[in-house]
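What follows is a short report on a single structure.
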Amino acid sequence: MRGLLITGTGTGVGKTTLGAALLAAMAATGERVRAHKPVLTGLDESGLDGWPPDHELLAAAAGMHAGHVAPLRYGVAASPQLAAALAGERIEPARLVAAARAAGGEQTLIVEGAGGLLTPLADRFTVRELAAALALPVLIAARPGLGTINHTLLTLEAARAASLDVRAVVLTPWPARPSVLERSNRETIARVGAVAVAGLGPVRAPEPRELARAGARLPWREWLAAPAASERSGLLRTA
C-alpha cells in the first residue's frame with residue numbers, strides 16, 4: 001500500500017489542512033489519490049470558522065465523495081472511542097484496519113488519524129496501533145509556537161517506541177516571516193528529535209487550487225519513497 005499516515009501532537013494542530021494540501025498537490029501532478037479518515041468526531045462543531053468539515057475538505061482535495069472519506073462520523077467532539085459509546089456504538093479495530101486497507105486500492109492513500117498517536121479509537125486500540133497495522137510512513141503535524149518542542153518530541157518517542165517510520169514533522173501554519181522562537185523551535189525539534197522538519201505555509205482558503213499551492217512546496221515525493229536499506233536499519237536502531 002502506497003501512502004502516508006498523518007498524525008499530530010494533539011487536536012487542532014493542522015492535520016486535516018496538511019492532508020488536504022498533500023492530496024491537492026499530488027492530484028495536480030496527475031497522481032491518483034484517495035483520502036481516508038477512519039473516524040471523524042466533532043461534526044456538531046464543524047464549519048463554525050467558515051471551513052468545511054474535515055471529510056468534506058479532504059474529499060474536495062482528492063476529488064472524492066465526502067461520504068467515502070470517513071466511514072464513521074459522530075457529532076460530539078470527543079475521542080472516537082467515547083463518541084461511539086455516546087452514540088450507543090462500539091468501534092471494532094479489525095474493521096477499522098480493513099476499511100483503511102481497502103480505501104487506497106492502487107492509488108496513493110493519505111490517512112488522517114484522530115487527535116494524537118495515543119488517542120483511543122477503540123478499547124485498547126489507539127491511532128498508534130492503527131498506524132502500526134497499516135505500516136504506512138508517518139507525518140507528524142505540529143504547531144510552530146510555544147510548547148511545541150515538548151509535545152512533538154513526546155510524539156516522536158511514542159512513534160519510535162512502536163517502530164513507526166516517521167518521515168517528517170510538519171509545522172503548520174509556518175509563517176512567511178517566522179519569529180526567533182519559531183525558528184528556534186524548528187531547529188531544536190530537528191536536532192534533538194533527529195528528524196526532518198518541514199513547514200506548511202498558511203492556506204488562505206479551503207479550495208483545491210490554494211491547497212495545492214501550499215502542498216506543492218512540501219517534499220511529498222521523498223516522503224512517499226521507500227527508505228534505503230541503510231535508512232531502514234537506522235530506523236530500527238532508533239526505535
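Readers should treat all values here as calculations from the given coordinates under stated rules, not as data from a laboratory. What you see is a predicted model, and the numbers here were worked out from it, not measured in a lab. Cβ: placed from backbone, ideal geometry, glycine included. Neighbour counts: every protein chain shown.
Quick rundown of the values:
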| read-out | value |
| --- | --- |
| Test item: Cα-centred dipole of the chain, Lys/Arg +1 and Asp/Glu -1 on Cβ, debye | 600 |
| Simple label model, 7 Å out from Cα along Cβ direction - residue 222 to residue 98, nm | 3.9 |
| Highest-first arrangement of 175-181, 87-93, 53-59, 103-109, where packing means the average Cβ count within 10 Å | 53-59, 103-109, 87-93, 175-181 |
| For segment 142-199 versus segment 66-117, the gap between their alpha-carbon centres in whole angstrom | 26 |
| Residues in segment 123-153 that a label on residue 181 would reach, taking backbone N under 15 Å of a point 7 Å out along Cα→Cβ | 143-151 |
| Helical mean residue ellipticity (222 nm; -39500 (n - 2.57) per DSSP H run of 4+; nearest 500) of the chain | -12500 deg cm²/dmol |
| Proxy reagent accessibility, fewest Cβ within 10 Å first, across 68, 151, 36 | 68, 151, 36 |
| Inter-label distance, nm, simple model (7 Å from Cα along the C-beta direction), residue 44/residue 190 | 4.4 |
| Approximate spin-label separation residue 51-residue 107, in nm, with each point projected 7 Å along Cα-to-Cβ | 2.2 |
| Of all DSSP beta bridges in segment 111-239, antiparallel share, percent nearest 5 | 20 |
| Relative contact order (percent, whole number), the chain, Cα cutoff 8 Å, 6+ residue spacing | 27 |
| Theoretical gain in end-to-end length, residue 205 to residue 161 [0.36 nm per residue, Cα-Cα removed] | 12.2 nm |
